[in-house]
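The values are calculated or read from the model by the stated rules, or taken from the named source; none is laboratory data. The structure displayed is predicted, hence computed values, not measured ones. All Cβ positions, glycine included, derive from the backbone under ideal geometry; neighbour counts span all protein chains shown. All accessible areas refer to the heavy atoms of the entire protein, side chains included, with ligands and DNA or RNA removed. Shrake-Rupley method; radii C 1.70, N 1.55, O 1.52, S 1.80 Å.
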Amino acid sequence: MTTVKSDLPAPCVHLIGAGPGDPDLLTIKALRLMQTADVVVYDRLVSPDILDMVRAGTPLIYAGKAAADHHMPQAEINQLLVKLAKAGRRVVRLKGGDPYVFGRGSEETEFLARSGVTFEVVPGVTAASGCTAAAGIPLTHRGLATGVRFVTGHCRADVELDLNWDSLADPDTTLVFYMGLANLPQIAEKLTAAGLSAATPAAAIMSGTTPQQKVVLGTLADLPHKAVAAGLRAPVLTVIGKVVSLAALLHLGFLDEDAPAAASTERAGAT
Ligand code: SAH
């Protein structure tokens, strides 16, 4: 096959994980690419503080959910990335957390690969590690959890979550549910029915690592109710397992400057 030479650079998209919200959690690579991109296509979960780190004057294209609850369809985002890259632009596709953890990032790179556009994936701090660190919850701990599972809590409104509850109901595994806020009652009920103790510690972390962070601590039995009472709104990460019991103690060691919201959790716990 002959290659047609062109003055344009080879089409390329950098698919970048922006982390959970705190701009200090960006990788140096992410920051460097954000400051040299010709155009940035970003998602709803990318915080305004992070967008502020894009070089001034760079066009920003929003590809997330709009006010009227309307998404740019995935197929349209895919086409947009290909179009921009083939026009010779240095494209940064910025996604919350890690691009390959529940972010549909791999659907975008599948399409790029099929379209002959080269790409690079820059990993980011996924919500499971960023939000738990900010809430004083270790994902594993000797004697409390021998492993951790990242699970989607999302499904269409009119269907039940299709998960293997028997395999999830393991008291020695930390469960991290992404996108699970609306289904929290169902998650708690199914896990309990599958044999996980209703007294298992559980936490819901809203907007982790940002100034809006709110952490609600409870048990499998009372977390759904407490999350509603606390007025939690997306994005919320739910963590279930014995490791959550360490949060109260581990908060005490936080540097105030690093964890403004952790202090508010403790106050909430004390009331
Ligand atoms: N790719 C992302 C996840 C996208 S799915 C990542 O790796 O983190 C979106 C879900 O991620 C949200 O519904 C929520 O469950 C979780 N999430 C992402 N950022 C979060 C944050 N700052 N605080 C709490 N949950 C967050």
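For the chain, the Cβ-based charge dipole about the Cα centre amounts to some 600 debye (Lys, Arg positive; Asp, Glu negative; other atoms uncharged).
Of the trypsin sites (Lys or Arg not before Pro) in the stretch 127-229, the ones in a loop by DSSP (not H, G, I, E or B) with at most 13 other beta carbons within 10 Å are Arg142, Arg156.
Put a plus charge on the Cβ of each Lys and Arg, a minus charge on the Cβ of each Asp and Glu, and nothing anywhere else: the dipole of the stretch 12-125 about its Cα centre is then about 420 debye. The calculated FRET efficiency for Ala157 paired with Ala75, based on their beta-carbon distance and R0 = 22 Å, is about 0.50.
What's the angle, to the nearest 10 degrees (0 to 90), between helix 184-193's Cα axis and the longest principal axis of the chain? So the inclination is approximately 60 degrees.
So, in the stretch 12-125, how many Lys pairs have Cα atoms under 22 Å apart, if the pair is 8 or more places apart or on different chains?
Within the stretch 12-125, the lysine pair count is 5.
Excluding the site residues themselves, the longest part of the chain lacking any GluC sites (Glu not before Pro) in a DSSP loop with at most 11 other Cβ atoms within 10 Å is 1-159. Helix 74-86 and the longest principal axis of the C-alpha atoms of the chain enclose an angle of approximately 40°. Between 0 and 90 degrees, the angle of helix 105-114 with respect to the longest Cα principal axis of the chain falls at about 30 degrees. The modelled label-to-label distance for the pair Glu189/Tyr62, using points 7 Å beyond Cα in the direction of Cβ, is 3.6 nm. Entry comment: accessible area of the chain is 52 Å² per residue, from protein heavy atoms only and a probe of 1.4 Å.
Probe radius 1.4 Å, ligands and nucleic acids ignored: give me the carbon and sulfur share of the accessible area of the chain as a rounded percent.
Of all accessible area on the chain, carbon and sulfur atoms account for 57 percent.
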